[in-house]
Amino acid sequence: MGRPRPRGRGLVFVPILVPTGERASPLGRYSDVPGAEHNGLTDPAPQDAPAPEDATAEIPEAADRRVDLTQGHLLRSIVLLSWPMVTASFMQWVMGTVDIKMVGNLGPAAIAAVSQSREAIFTFMTVVFAVATGTQVLTARFMGKGNRAGAADVTRQAVILAVIFGALVAPLGYLFSEPLLALLGAKGVVLAEGTDYMRAFFFGTVAFMLNFMVFAALRGAGDTLTPLYVLLGINSGNILFDWLLIFGVGPFPELGVAGAAWAVVISRTAGALLLLWILCCGRFAIHMPLIDRWRIDLSLWGKMFYIGVPSSIQGFTRNFAFLLLFSILNQTDAGRMAVAGYGISVQIRMFAVMFGLALMSATMTAVSQNMGADDPKRAERSGWTVTWIAVAAMGAMAVVLVTLSRPLIGFFTDSLETIHWGVIALVTLSASLPFSGGSMALSGALRGAGDTLSPLWASLIFTTGVGPATAYLLAIPVGMGPLGAWIGLSAAWAMQSLMVAWLFRRGKWKQIEL
């Protein structure tokens, strides 16, 4: 074998040339040449080829907050990994509520402008969720192998992608803000203020994407506390600049709705700079030297998208199904009152859903780390452990929401008819929360193992197909009205959770190679 390549020369990817009897991953495999071994995607390097320094270096004391799920007490490790994610999700929910509350002081048109603008913005941002998911899974896989250099390579490629996509999306978002909002039905003041909000927001696209990528990388490495602390600072800054720029406090200009967007830009930019320092300083779980191997690696890009794109499609189709439900509700006799009640119930139920999404992220890390450590049995135990936590916790939340349904809905509106339908929606949909929790956790487990297509198919079949079809059948032809629509959707979520559980239990994900 030739002389080992020096560290820092980048990754080597060759065409798929697999000898007979050797199985290739869906995206090919790294060549077994010297220098490829530092990525941990091939067999260990021969003894005459020394491993790169970073691949086995110990994590510094400042990064001892990292959770290693490949050893030790499993339940304790999962709790340590999960609680910062759950807390961060709660903070995001609170941040959205505070943001809307401040903008709400400007009137209903301002609320409508911000709400519709956010929906439009995330149509541009789908790619960020794909890359972030792939980044988290691959980083966890490398850390499970004990390969910090490979994790740093993945993070570096995620940063490159964030800058490239951010630079492409920003001008497109700025130019198409007004036409997109008009397509969604915005008019008059709502269209004008929404356009101002979107155009301001897109100035921070690169920073926004960097936030997501680095958070995903750190969580994949098992460090969920650092993202929590950074997010706390970002949200605090966001609230402060909301107040200063929306209302024009002191020397700051009064920007109204646009001020809320500039608050996001300023806080996220500061967060992105801090996160880049965290990566480069060498004191945390991932050490990405500032000047080292800044070259595009298409092989890693392919793996990121292979893992992440199906989950992005799943999110898009899920939102599409919710839009269909609004259309069904509008066809019932209750009409807009049912829509209003459903909208309030969704906002309340979102707290529990955010909890489930946090546990889904935790499961991705837990399963991926253990698969990287070549321990599929512990990976399977991790998946089921988080799943039962999600089922129990979201079941308890469902009891609380059902018990307090009337005062919770009444907090948002004085309309008796809206409260009536909101209570029915919240009670009916909350009954499916334990199933939703289990489905999200097991979907995260499958993604962490590299099986991203199975959760997508389950979602396409039940959330996008069976759910809306059953909702329409019960609501309109059968004549059950809005109650029938919500029963149909809840039943579909329950069936989806059973399918995902069967897919995980079947165990074919253990054979997937990344």
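Put simply, when 250-256, 494-500, 135-141, 293-299 are sorted by average Cβ atoms within 10 angstrom per residue, most first, you get 135-141, 494-500, 293-299, 250-256.
Among Ile246, Ile291, which comes first, second and so on when ranked by fewest other beta-carbon atoms within 10 Å? Write out the running numbers ahead of the final one.
Values: Ile246 25, Ile291 7.
The fewest-first ordering by Cβ neighbours comes to Ile291, Ile246.
Relative contact order of segment 107-296, taken over Cα pairs closer than 8 Å and 6 or more residues apart, is 26 percent.
In this label model, Leu240 and Gln331 are separated by 5.2 nm, measuring between points 7 Å along each Cα→Cβ vector.
With the Cα gyration tensor of segment 107-296 giving a ≥ b ≥ c as the square roots of its eigenvalues, does the rule (a/c under 1.5 for rounded; else a/b larger than b/c for prolate; else oblate) give rounded, prolate or oblate? Before the final figure, lay out the partial values.
On the way: a/c = 2.63, a/b = 1.84, b/c = 1.43.
Since a/c reaches 1.5 and a/b is larger than b/c, the shape of segment 107-296 is classed as prolate.
Across segment 238-247, coupling constants 3J(HN,Hα) worked out from phi with the 6.51/-1.76/1.60 Karplus curve, θ = phi - 60°, read 4, 5, 4, 6, 4, 5, 5, 9, 5, 9 Hz, and Gly and Pro carry x. Per-residue Cβ neighbour counts within 10 Å put Lys510, Lys303, Lys101 in the sequence Lys101, Lys510, Lys303, beginning with the fewest. Computed from backbone phi with θ = phi - 60° and the Karplus coefficients 6.51, -1.76 and 1.60, the 3J(HN,Hα) list for segment 349-358 is 5, 4, 4, 5, 5, 4, 4, x, 5, 5 Hz; x is used for glycine and proline. Taking the number of Cβ atoms within 10 Å of each Cβ as an exposure proxy, the fewest-first ranking of Ser382, Ser436, Ser89 is Ser89, Ser436, Ser382.
When a/c reaches 1.5 or more, the comparison of a/b and b/c decides; with that in mind, is segment 309-514 rounded, prolate or oblate per its Cα gyration tensor?
Since a/c reaches 1.5 and a/b is larger than b/c, the shape of segment 309-514 is classed as prolate.
Shape call for segment 166-219 from the C-alpha gyration tensor, a ≥ b ≥ c root eigenvalues: rounded (a/c under 1.5), prolate (a/b greater than b/c) or oblate? Because a/c hits 1.5 or more and a/b exceeds b/c, segment 166-219 counts as prolate.
Throughout, read-outs are computed from the coordinates displayed, never taken from laboratory work. This one's a predicted model, so the numbers in the text were calculated from it and none came from an experiment. Note: ideal-geometry Cβ built from the backbone for every residue, glycine included; neighbour counts use all protein chains shown.
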